[in-house]
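The values are calculated or read from the model by the stated rules, or taken from the named source; none is laboratory data. Source: prediction; values computed, not measured. In this analysis, Cβ positions are derived from the backbone assuming ideal geometry, glycine residues included, and neighbour counts consider all displayed protein chains.
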Amino acid sequence: MCGVVGIISTQKPVAGELYESLIHLQHRGQDAAGMMTYNKRFHEKKGTGYIRDIFDEQNMARLQGKVGIGHTRYPTVGGFSVEEAQPVMTHVPHGIAMAHNGNLVNYNDLVNEVNEQDHRLINSSVDIEVILHIFAHALDHPKTDIKNLSFFDQICQAVDTVFHRASGAYSVIGTIMNKGMVVFRDPHGIRPLVKGVRQNNDGTTDHIFASETTMFYALGFELDGNVAPGEVIYIEENGTVHSRTLKNEQFTPCIFEYVYFARPDSIQNEISVYRSRLRMGQNLAKRWKEQYPDITPDIVIPAPSTANTAALSFANELGVRFSEGLYKNPFIGRTFIMPGQEIRKKSVRYKLVPQEFEIRDKKVLIVDDSIVRGNTSKEIVRMVREFGATKVFFVSACPPVKFPCFYGVDMPTRGELVAAHRSVSEIEEYMGVDILMYQKIDDLVEAVTRKGEHNIDRPCMACLNGQYITGDVDEHTMERMERQRNHERSKQK
């Protein structure tokens, strides 16, 4: 999972607002970040770590131009070095830079095709470089005579080539030197991409595209909907907007965005993330009352902080006191997206401290957004018991995660997923809880899709039900991707 943003303005440089946008997207990636703008030439800055550690007054001053893109990275494939940071660029044709959020299923095949057929060098292991070269080559080698084609028509031909060759999830923002900004989203709309507008005093309009709406209010942008699945948008430097939907498939956005990744104040696909999490907790509590009508906890506490919203509505539905029984150190990053099991496991006790007065001698029910590898959940249960809980119940707002994700979430191997080969009772024993209860898939879907003009055909839930919506993931693909990921991890040790 990554965060991507692009801004094109008619009046002022965009670097400062790109920086602010990346701060608002920091939760989507903490490994690396980069910005690229242009003003007759490309200007870029990339680095590893947090946004605040990468950009300073000196390098920000170099990022000149009214068009730019930014990216904060959380790797699912590839290395952890600055060479893997986005945006990436090519000089031919025109000069094109791109950044994206997503993951390609057929990445390895495409690398070979781009090298051998298109004769273009892939210099990193990030998916967007493959997409960039497919797009650039198609733009430079059009299938038809371009004499009577507008530049937007040429862009559409190039994006259409990407759609036909690339399989997987990709929400892409790019800039073309002295032309403007191009934006497109995979035909299934798996990864989010929202758009916003801001009216200037002279009647012109500035445009923003981003993974989430989190920065819109602070920067004065108004939500203008979403980039549609299979849609390409081209904005000229003078502000003229062109858009076209090139391919129609089922709209299947990732459900894990609502469960965990997106910030609760975000609006995705016309759905409030906060409201969907309230409904998750509500549905979960109703299920608890059906299954355990004679068991009532003394307090309900969240595994902070993405579970706070669901835990609040769970407690309200159950009529039980909500308590922040675990204090979270805000200066420790998100453990789910940290590289390596040992780092994740060690950081749990660094970032979470139980509040003894809220826990001792009580039956404690912990609400978490999900249970993926199970290590964090196990450590939380152990800490709560150490601080005197008489009973520990654990409920997950997400159903069991049983399958790897190949669309941009770090769930790469079945061996790491605690629910892949264990029953609920076995996981219950592994975690050391008195009762473990998961959300049902139908209840999760209902919670997400109950409200909003979202037009979702069905959410992507491949990690929950094994139904990979691109239709090209089988047992062989899983094994190959798992071997690739394990190989990359071994190189990092």
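All but one of (1) crowded, with 23+ Cβ neighbours inside 10 Å; (2) touching a helix residue (DSSP H, G or I) at 6+ places or on another chain (Cβ under 6 Å) hold for Leu219; which doesn't?
Failed condition: (1).
Has segment 253-276 got at least one residue that is of a type in the set (D, E, K, R) and at pLDDT below 95? Spell out how you get there, then give the answer.
In the first step, residues of segment 253-276 are kept if they are of a type in the set (D, E, K, R); the result is 257, 263, 265, 270, 275.
This time we only want the ones that are at pLDDT below 95, so: 270.
Yes, the conditions are met somewhere in segment 253-276.
Any residue at all in segment 300-309 that is closer than 13 Å to Met437 by Cβ, out of contact with any Ser or Thr (no Cβ under 8 Å at 6 or more places or on another chain), of a type in the set (A, V, I, L, M) and assigned to a loop (DSSP other than H, G, I, E, B)?
No, every residue in segment 300-309 fails to be closer than 13 Å to Met437 by Cβ, out of contact with any Ser or Thr (no Cβ under 8 Å at 6 or more places or on another chain), of a type in the set (A, V, I, L, M) and assigned to a loop (DSSP other than H, G, I, E, B).
Do any residues in segment 424-438 that are under 14 Å from Pro399 (Cα atoms) and assigned by TED's automatic domain parsing to the domain that holds Tyr292 have Cβ atoms under 7 Å from those of residues that are acidic (Asp, Glu) and part of a helix (DSSP H, G or I), where the two are at least six apart or on different chains, and which pairs are they?
Taking only residues 6 or more apart or on different chains, the pairs are Leu436/Glu428.
If a residue must be farther than 14 Å from Phe184 by Cβ and part of a loop (DSSP other than H, G, I, E, B), how many such residues does segment 121-171 contain?
Total satisfying the criteria: 17.
Scan segment 194-210 and tell me whether some residue there is more than 18 Å from Met437 (Cα to Cα) and touching a Pro at 6+ places or on another chain (Cβ under 6 Å). Working first, answer last.
Here is the first cut: in segment 194-210, the ones more than 18 Å from Met437 (Cα to Cα) are 194-210.
In the following step, the residues that additionally are touching a Pro at 6+ places or on another chain (Cβ under 6 Å) were identified as none.
No; the residues of segment 194-210 include none that is more than 18 Å from Met437 (Cα to Cα) and touching a Pro at 6+ places or on another chain (Cβ under 6 Å).
Conditions (1) more than 18 Å from Ala210 (Cα to Cα); (2) hydrophobic (A, V, I, L, M, F, W, C), marked per residue:
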{"site": "Glu231", "(1), (2)": "no, no"}
{"site": "Glu249", "(1), (2)": "yes, no"}
{"site": "Cys254", "(1), (2)": "no, yes"}
{"site": "Ile267", "(1), (2)": "no, yes"}
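Per-residue answers, yes or no, for (1) farther than 27 Å from Thr413 by Cβ; (2) surrounded by fewer than 18 Cβ atoms within 10 Å (Cβ to Cβ):
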{"position": "Arg28", "(1), (2)": "no, no"}
{"position": "Thr37", "(1), (2)": "yes, no"}
{"position": "Gly47", "(1), (2)": "yes, yes"}
{"position": "Ile69", "(1), (2)": "yes, no"}
{"position": "Thr72", "(1), (2)": "no, no"}
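Among what's in segment 144-202 and is over 18 Å from the mean Cα position of the chain (by Cα) and basic (Lys, Arg), pick the residue that is farthest from Phe251 (Cα to Cα).
Lys147
Go through Thr76, Thr72 for me and flag whichever is at pLDDT 95 or above, hydroxyl-bearing (Ser, Thr, Tyr) and under 21 Å from the mean Cα position of the chain (by Cα). Give the derivation first.
Values: Thr76 fails: at pLDDT 95 or above.
The match here is Thr72.
State yes or no: is Arg120 over 25 Å from Glu212 (Cβ atoms) and either in contact (Cβ under 8 Å) with a residue 40 or more places away in the chain or in contact with a strand residue (DSSP E or B) (Cβ under 9 Å, 6 or more places away or on another chain) (or both)? If you could, list the steps in order and put the result at the bottom.
On the way: over 25 Å from Glu212 (Cβ atoms): yes; either in contact (Cβ under 8 Å) with a residue 40 or more places away in the chain or in contact with a strand residue (DSSP E or B) (Cβ under 9 Å, 6 or more places away or on another chain) (or both): yes.
Yes.
Does Ile23 fit the bill of being surrounded by fewer than 21 Cβ atoms within 10 Å (Cβ to Cβ) and within 18 Å of the chain's Cα centre (by Cα)? Steps first, please.
On the way: surrounded by fewer than 21 Cβ atoms within 10 Å (Cβ to Cβ): yes; within 18 Å of the chain's Cα centre (by Cα): yes.
So Ile23 fits the description; yes.
How about segment 190-205: which of its residues are in contact with a strand residue (DSSP E or B) (Cβ under 8 Å, 6 or more places away or on another chain) and not basic (Lys, Arg)? Before you say what the answer is, go through the steps one by one.
From segment 190-205, those in contact with a strand residue (DSSP E or B) (Cβ under 8 Å, 6 or more places away or on another chain) are 190-200, 205; that's our starting set.
Matches in segment 190-205: Ile190, Pro192, Leu193, Val194, Gly196, Val197, Gln199, Asn200, Thr205.
Within the group Phe152, Phe184, Phe209, which residue is closer than 23 Å to Leu139 by Cα, in contact with a helix residue (DSSP H, G or I) (Cβ under 8 Å, 6 or more places away or on another chain), at pLDDT 95 or above and not small (Gly, Ala, Ser)?
Details: Phe152 fails: in contact with a helix residue (DSSP H, G or I) (Cβ under 8 Å, 6 or more places away or on another chain); Phe209 fails: in contact with a helix residue (DSSP H, G or I) (Cβ under 8 Å, 6 or more places away or on another chain).
The match here is Phe184.
In segment 227-262, which residues are surrounded by fewer than 17 Cβ atoms within 10 Å (Cβ to Cβ), in contact with an Asp or Glu (Cβ under 6 Å, 6 or more places away or on another chain) and farther than 22 Å from Ile8 by Cβ?
Correct list: Gln250 only.
Filter segment 435-481 for residues that are in contact with a helix residue (DSSP H, G or I) (Cβ under 7 Å, 6 or more places away or on another chain), in a loop (DSSP other than H, G, I, E, B) and over 16 Å from Val401 (Cβ atoms) and give the result.
Hits for segment 435-481 are Arg450, Lys451, Ile456, Ile469.
Only one of these is buried (at least 21 other Cβ atoms within 10 Å of the Cβ), in a loop (DSSP other than H, G, I, E, B), touching a strand residue (DSSP E or B) at 6+ places or on another chain (Cβ under 9 Å) and in contact (Cβ under 8 Å) with a residue 12 or more places away in the chain: Pro404, Pro400. Name it. Talk me through it step by step, then tell me what you get.
Numbers: Pro404 fails: touching a strand residue (DSSP E or B) at 6+ places or on another chain (Cβ under 9 Å).
Sole residue among the options that is buried (at least 21 other Cβ atoms within 10 Å of the Cβ), in a loop (DSSP other than H, G, I, E, B), touching a strand residue (DSSP E or B) at 6+ places or on another chain (Cβ under 9 Å) and in contact (Cβ under 8 Å) with a residue 12 or more places away in the chain: Pro400.
Taking the condition of being touching a strand residue (DSSP E or B) at 6+ places or on another chain (Cβ under 7 Å) and either in a strand (DSSP E or B) or surrounded by fewer than 17 Cβ atoms within 10 Å (Cβ to Cβ) (or both), how many residues in segment 86-102 meet it? I'd like the intermediate steps shown before the answer.
Going residue by residue through segment 86-102, those that are touching a strand residue (DSSP E or B) at 6+ places or on another chain (Cβ under 7 Å) are 86-90, 94-102.
Remaining after also requiring either in a strand (DSSP E or B) or surrounded by fewer than 17 Cβ atoms within 10 Å (Cβ to Cβ) (or both): 88-90, 94, 96-102.
Within segment 86-102, residues that are touching a strand residue (DSSP E or B) at 6+ places or on another chain (Cβ under 7 Å) and either in a strand (DSSP E or B) or surrounded by fewer than 17 Cβ atoms within 10 Å (Cβ to Cβ) (or both) number 11.
Listed residues Val194, Val182, Val172, Val130; which is over 30 Å from Ser272 (Cβ atoms) and surrounded by 22 or more Cβ atoms within 10 Å (Cβ to Cβ)? Before you say what the answer is, go through the steps one by one.
Working: Val194 fails: over 30 Å from Ser272 (Cβ atoms); Val182 fails: over 30 Å from Ser272 (Cβ atoms); Val172 fails: over 30 Å from Ser272 (Cβ atoms).
Residue meeting the stated conditions: Val130.
Please specify each residue of segment 313-370 satisfying the condition of being of a type in the set (Phe, Trp, Tyr), modelled with pLDDT of 85 or more and assigned to a loop (DSSP other than H, G, I, E, B). Break it down stepwise before answering.
Going residue by residue through segment 313-370, those that are of a type in the set (Phe, Trp, Tyr) are 314, 322, 327, 331, 336, 350, 357.
Now narrow it down to the ones that are modelled with pLDDT of 85 or more: 314, 322, 327, 357.
Result: no residue meets the conditions.
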